[in-house]
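The values are calculated or read from the model by the stated rules, or taken from the named source; none is laboratory data. Just so you know, these numbers come straight off a predicted model, no measurement behind them. Using ideal geometry, Cβ is built from the backbone for each residue, glycine included, and neighbour counts are taken over all protein chains shown.
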Amino acid sequence: MGPLDLIRHPLIFTGITLPEFIRWYFWEQPSRILRVYFAYLRAFVEIFSFIFLARTLFSPWRQITDPYQKRGFNLSRFSQTLTLNVVSRTIGFIFRSVTLFFGLAAVVALTVGFAAFYMAWLSFPIFFWLGLSYVVSAAF
């Protein structure tokens, strides 16, 4: 094998044939990209724990509550307890809603980024050959 063999077939020294490269580029690597995306998606779902946040959306913040009196009725004590419990639940709702919003925004950004990368990966050969034909046609 000499330098002319390299010109005829540049992948001959690496041991990669054209069908192997096509299978890798259009089958193995896209499936690997999707596996990585789903691994990141699973990690985001665990980090933000959407189900737990949705289930406890109206729970008190840090379980800060005041128990109501069991005996008798004191309007002042009842209104203090009610105010504390409502404020605690409102704060919990606000924090959990903001966390859910940012978590969903992160998942959407992750999905858009991976979709753009996936489409760029699959469309690169088309743009490569179009660019190459443009350069060759402009040169001649």
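Within segment 71-94, identify whether any single residue is surrounded by 13 or more Cβ atoms within 10 Å (Cβ to Cβ), farther than 30 Å from residue 36 by Cα and within 26 Å of the chain's Cα centre (by Cα), and answer yes or no. Checking segment 71-94: at least one residue is surrounded by 13 or more Cβ atoms within 10 Å (Cβ to Cβ), farther than 30 Å from residue 36 by Cα and within 26 Å of the chain's Cα centre (by Cα). Checking 98, 107 one by one, the residue that is free of Cβ contacts under 8 Å to residues at least 24 places away in the same chain and either assigned to a helix (DSSP H, G or I) or loosely packed, with under 12 Cβ neighbours inside 10 Å (or both) is 98 and no other.
Of all residues in segment 81-94, those that are assigned to a helix (DSSP H, G or I) and basic (Lys, Arg) have Cβ atoms under 9 Å from Cβ atoms of residues that are modelled with pLDDT under 95 and surrounded by 14 or more Cβ atoms within 10 Å (Cβ to Cβ), 6 or more apart or on another chain, in 89/59; 89/60; 89/61; 89/65. Out of 52, 44, I need the residue that is exposed (fewer than 13 other Cβ atoms within 10 Å of the Cβ) and among the aromatic types (Phe, Trp, Tyr). Which one? Every option except 52 fails the conditions.
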